[in-house]
Amino acid sequence: MSDSLPALLKQTFGYDSFRPLQREIMDATLANRDVVAILPTGAGKSLCFQLPALAREGVTLVISPLIALMKDQVDALVASGVAATFINSSLDGSEAARRRSGLEHGQYKLLYAAPERVMMESFIADLQRWNVTAIAVDEAHCISEWGHDFRPEYRMLAQLRDALPGVPFLALTATATEQVRGDIIRQLHLHEPEVFLASFNRPNLSYTIVPKSKSTRQVYDFIRQRPEEAGIVYVQSRKSAESLAAALSAEGVKAVAYHAGLQPEERVANQEAFIRDEAHVVCATVAFGMGINKPDVRYVIHADLPKNVEGYYQETGRAGRDSLPSECVLLYSRGDLVRNLKFLDEMTDAKAAEIAAQQMRTMAEFAESTDCRRVALLDYFGEQWPGDNCGGCDICLQPRETWDATTHAQKLLSCIIRIRQKSGFATGLNHIVEVLAGANTEKIRKWYHDQLTTYGIGKDTPREEWLALGRQLIRLGYIDASADNFQTLTLSKQGTAALLNRTPIILTRTPAVASTSTAKVAKAGSIACDEALFAELRTLRKQLADERGVPPYVVFGDTSLRHMCRSYPQSDRDFLAIPGVGGQKLTDYGQPFMQAIGEWLSSHEKQTFRDEAPPPPPPKMKSENGMGGTVLETLRLFRQGLSAERIAAQRSLVISTIHNHLAQAIAAGELQADPSDYFSAEEEADLRAAAAEHGLESLSKLKEALGDRFDYPTLHYFRAFETRQS
Ligand code: ADP
Ligand code: MG
Ligand code: ZN
């Protein structure tokens, strides 16, 4: 079954290779294992159940939370010639009856439904007749109260286990937290599931943070330079969503608003307009996003400070699902933090307010940091980014110059001390900067801070620079900021020592930015092409999509169009070579697109494009000793001398997966290694004793028996040494 996957992938979906972990997930589910797949947005989770559905007999039931999502996915599958359908309340009686009859006759490979529908008693009886051979639970985080969109109906799904015994479950989500993952496994009663966890890095997204001044103007300036592209602008409130959409529309931008306060009809209409490329920009609150599968969102702007880093990651993650370069821009002002914190005063639950405040401060720290954005984001998910330049964030793309800040730092640090000595209390950074600047404020007069020796000694340096300096010193640990809302400053031990010893302090300079100009962004994944022809084919795509009542991306994604505008296909064979073109799409769309390209060529020169480095060939699928191609690939890189960390980064996998691969290679006798590099003799004895009692099958049991002294990679290695073939 599994062997036919590459051919099916090409014929049906027109793709030449699998994305990271897709193949492994498909193999596991086709072996009828329960599987949990945790991959970031845009990683291609849908294919993980769609392709196996074609390879196995019977129908795969797909649980999906939203009617809109179902319809789009089914439209896209049908456009690729796949027998897929959905059943929900939007269908009229005769259409529903037609689909049911098809299901009775085994005419579909995929059936989409929402959990409420699935759990209706009569529907379960139907499913028992319809030869359901696999169940995919998409957006599986909906099962968890820890997730961001909890749907209680998801909890009932475990009942399907009894109704359909022996049918494997595949749960998919982009939410990586342990709590959610545990909930999924427990609530769905998954049986010894294989868990696949991909790296959360999104290589095609660039991250830029710009000081916020006049946000409407900044947003407009940005959009104006990308007139044909689709983007989302997130704002804090419903009111700002509406006013921004109105302001942009007044400038001629096709913008709509989206928030939970709109009438349902208007909300649906605005969302549809965006998906169908009629509106280019959605100005939205965080209510917008779930249920949007639009793959060609080219930018996400946060015009207001997000409430936490997780939300920021989720929202920016809606850009660039199609892997083409896309931009994430955050307009930041410290005033936003202050305003957000103020809202918390209205919360009655003090504990919840404290947690929310902490998350907001972490978000502000992220924005103020002068470290790589990608490193900081991945760090938040417990991942490490190897190497020192991500090549795709404002920090890495405009390395800022360093300067000797010793004298300035001395002034600021001693000003903190003087204030404390004189008044007996600490103040916030703003006040300290006012003192350095020699300002005449009410507080300064009231507290006689104009009598301090440090009053006015910083006149020559603009306040923003003092503020930036202060924040850097806080981040670097010279200054402690109190955890309450006042954030009053005191010197840390390190700061006191630096002041006394005149320790040199070298800092990076934050440029005095006033413009919106975003860094020249990463081109990871970019496809150079004939842009004028691209615009032409886009118009054709829209027209064909409208005729068929589907979103334009269902006809072809931008990736496919860009490839057409590089290779100018004029024959079926060449057209089939375009990524995203399978048999069905050739039949339905080959003619109009090739004709348009032919006409174009009658009055335009072909452009040529330097070939980018070809992607590495897909690894061979199996070795004699049963190791998967993915293990062999890890082994190959390991033999070239790459560390496990580097391999993980290069392959977009998490480090534990790499350790797992290496352990498998040891067990298979393919990799010579010495146990003493992994654990001491004493530890080995303890591991042996525990293994003698509990066996080696369940590493989690073993881990527990050893009081969590060992991490999973170590246990994998131990098991490998114990079972290795010599
Ligand atoms: P997710 O559900 O993980 O957010 P999707 O399943 O919506 O991601 O897929 C995102 C995009 O990636 C889709 O446009 C899909 O067609 C494309 N895609 C998926 N797998 C591949 C592949 N192997 N090669 C090329 N494109 C792919
Ligand atoms: Mg998905
Ligand atoms: Zn970076």
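The values are calculated or read from the model by the stated rules, or taken from the named source; none is laboratory data. Since this is a predicted model, take the numbers as computed values, not measurements. Glycine gets a Cβ as well: all are built from the backbone with ideal geometry, and neighbour counts include every protein chain shown. Ligands, DNA and RNA are stripped out before the accessible areas are found, and what is left, the full protein with its side chains, is counted by its heavy atoms. Shrake-Rupley method; radii C 1.70, N 1.55, O 1.52, S 1.80 Å.
A few remarks follow.
Yes/no per residue for (1) free of Cβ contacts under 8 Å to residues at least 60 places away in the same chain; (2) closer than 17 Å to Leu205 by Cβ; (3) out of contact with any Leu (no Cβ under 7 Å at 6 or more places or on another chain):
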| site | (1), (2), (3) |
| --- | --- |
| Gln314 | no, yes, yes |
| Gly317 | no, yes, yes |
| Asp322 | no, yes, yes |
| Pro325 | no, yes, yes |
| Cys328 | no, yes, no |
| Val338 | yes, no, yes |
| Leu341 | no, no, yes |
| Leu344 | yes, no, yes |
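- Single residue of Lys254, Lys239 found to be over 20 Å from Glu327 (Cα atoms), assigned by TED's automatic domain parsing to the domain that holds Tyr299 and either open to solvent by 60 Å² or more (accessible area, probe 1.4 Å) or not aliphatic (A, V, I, L, M) (or both): Lys239
- Among the residues of segment 167-185, the ones that are outside any loop (DSSP other than H, G, I, E, B) and in contact with a Ser or Thr (Cβ under 6 Å, 6 or more places away or on another chain) come to 3 in all.
- Verdict on Glu24 being among the acidic types (Asp, Glu) and surrounded by fewer than 18 Cβ atoms within 10 Å (Cβ to Cβ): no
- Looking only at segment 429-448, and only at residues there that are surrounded by fewer than 16 Cβ atoms within 10 Å (Cβ to Cβ) and not polar (S, T, N, Q), the one that is nearest to Lys411 (Cα to Cα): Gly438
- Lone unmet requirement of (1) within 10 Å of ligand 1 (Cβ to nearest atom); (2) at pLDDT 95 or above; (3) over 27 Å from Arg186 (Cβ atoms); (4) of a type outside the set (D, E, K, R) for Thr12: (1)
- Screening Ser94, Ser90, Ser101, Ser46 for residues that are in a loop (DSSP other than H, G, I, E, B) and away from ligand 3 (no atom under 16 Å from the Cβ) leaves exactly one candidate, Ser90.
- Filter pass, Asp371 being within 16 Å of ligand 3 (Cβ to nearest atom), surrounded by fewer than 16 Cβ atoms within 10 Å (Cβ to Cβ) and part of a helix (DSSP H, G or I): no
- Of the residues making up segment 293-323, those that are of a type outside the set (D, E, K, R), within 16 Å of ligand 1 (Cβ to nearest atom) and open to solvent by 10 Å² or more (accessible area, probe 1.4 Å) are Asn293, Pro295, Tyr313, Gln314, Ser323.
- Counting only helices (runs of 4 or more DSSP H) wholly contained in segment 676-726, the ones carrying 1 or more residues that are open to solvent by 40 Å² or more (accessible area, probe 1.4 Å), of a type in the set (Phe, Trp, Tyr) and within 20 Å of Ile666 (Cβ to Cβ) occupy 712-723.
- Scanning segment 57-78 finds one or more residues that are farther than 29 Å from Ile275 by Cα, away from ligand 1 (no atom under 16 Å from the Cβ) and open to solvent by 10 Å² or more (accessible area, probe 1.4 Å).
- Residue count for segment 61-87, restricted to those that are part of a loop (DSSP other than H, G, I, E, B) and closer than 19 Å to Phe556 by Cα: 4
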